[in-house]
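Input: a single structure, listed below in structure tokens.
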Amino acid sequence: MFLNAMLKYIVVSFLISLIFGATVSTSLIIKKVFKKDRVSNYLFQFWSLVAFVVIWIYFKPGIQIFNVQNLLSWESILLFIIAVIPTSIVAYQAYKLKPNYRFKFIYFIDGASMEIPMRLLVQNLFVILGLDTFLLYSLSLEILLNAIIWVQFIIVQEVIEGRKITRGILPEIISSFWFSIWVGILFKITGNIVIPMIAHGLQRFTTYKISQRFGKTLPSNTSIQQG
């Protein structure tokens, strides 16, 4: 069981690496062809969506992505709050001081769109691969593996960009892991990808408000793995 799960985890990690490679390659081409690059920030999400559509067509999985049940249950509301508020409190510690920063709606979209690779693609892909065994109450294996894989890529991105791995990265790792666990459970319960998208966008805004109150603000160039 463990070796089977590890093998499938490696397969998913490899797929994300391919998507990241496609993102970098496409971005370089766009920057050479066009003077203004307005789409590179969303290429990772775009290629993740393409991968999900291909997988959906090929496997025809019986998973829900736009279910409308359980959207306003007390359990869903509680999970939404647990996912957003603690994540926002921890996440602002990772950001640089930018006194003149002003939150724009596009940053909400940035956060929301990251749910395409994180929940729509990867969490569902673990389900398709049969790694959806329940571990404790509503926490299942695909949710845990999904949280781990994005922590992994936070570290990988630091290495790629030539930065030393220090304790300064802990707030981003902790906030990413916490958010992925709780919003992953929320997605599993609701079966509606829109809810995690709203939660992720709202988390960006809440982090900004907390940062504004305590003197730190969100940089516009947040890493693709955050949250």
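The values are calculated or read from the model by the stated rules, or taken from the named source; none is laboratory data. Nothing here was measured: the structure is a model prediction, and the numbers come from that model. Here the Cβ positions follow ideal geometry from the backbone for every residue, glycine too, while neighbour counts run over all protein chains shown.
Remarks
- Cβ pairs under 9 Å, 6+ apart, first in the stretch 153-168 and in contact (Cβ under 8 Å) with a residue 24 or more places away in the chain and among the aromatic types (Phe, Trp, Tyr), second assigned to a helix (DSSP H, G or I) and surrounded by 11 or more Cβ atoms within 10 Å (Cβ to Cβ): Phe153/Ser13; Phe153/Ile16; Phe153/Ser17; Phe153/Phe20
- Gln45 being part of a helix (DSSP H, G or I), polar (S, T, N, Q) and farther than 21 Å from Ile174 by Cβ: yes
- Residue, surrounded by the most Cβ atoms within 10 Å (Cβ to Cβ), within the stretch 172-189, restricted to residues that are in contact with a strand residue (DSSP E or B) (Cβ under 9 Å, 6 or more places away or on another chain) and of a type outside the set (A, V, I, L, M): Gly184
- Test: residue in the stretch 175-197 that is modelled with pLDDT under 90 and either of a type in the set (Val, Ile, Thr) or out of contact with any Ser or Thr (no Cβ under 6 Å at 6 or more places or on another chain) (or both): no
- In the stretch 6-17, the residues that are within 14 Å of Ile55 (Cβ to Cβ) and touching a residue at least 12 places away in the same chain (Cβ under 8 Å) reach residues that are in a helix (DSSP H, G or I) and not hydroxyl-bearing (Ser, Thr, Tyr) with C-beta atoms within less than 6 angstrom, at least six apart or across chains, in these pairs: Val12/Leu125.
- Residue match in the stretch 103-114 (condition: under 23 Å from Thr23 (Cβ atoms), surrounded by 18 or more Cβ atoms within 10 Å (Cβ to Cβ) and in contact with a Phe, Trp or Tyr (Cβ under 7 Å, 6 or more places away or on another chain)): yes
- Test: Asn67 is within 21 Å of Trp182 (Cβ to Cβ), surrounded by fewer than 19 Cβ atoms within 10 Å (Cβ to Cβ) and polar (S, T, N, Q): yes
- Lone unmet requirement of (1) outside any helix (DSSP H, G or I); (2) touching a Gly at 6+ places or on another chain (Cβ under 7 Å) for Asn70: (2)
- Being at pLDDT below 90 and of a type in the set (A, V, I, L, M, F, W, C) is a property that does not hold for Phe52.
- Criterion: in contact with a helix residue (DSSP H, G or I) (Cβ under 9 Å, 6 or more places away or on another chain), among the acidic types (Asp, Glu) and modelled with pLDDT of 95 or more - qualifying residue of Glu158, Glu142, Glu172: Glu142
- Qualifying residue in the stretch 209-227 (condition: at pLDDT 80 or above, among the aromatic types (Phe, Trp, Tyr) and assigned to a helix (DSSP H, G or I)): no
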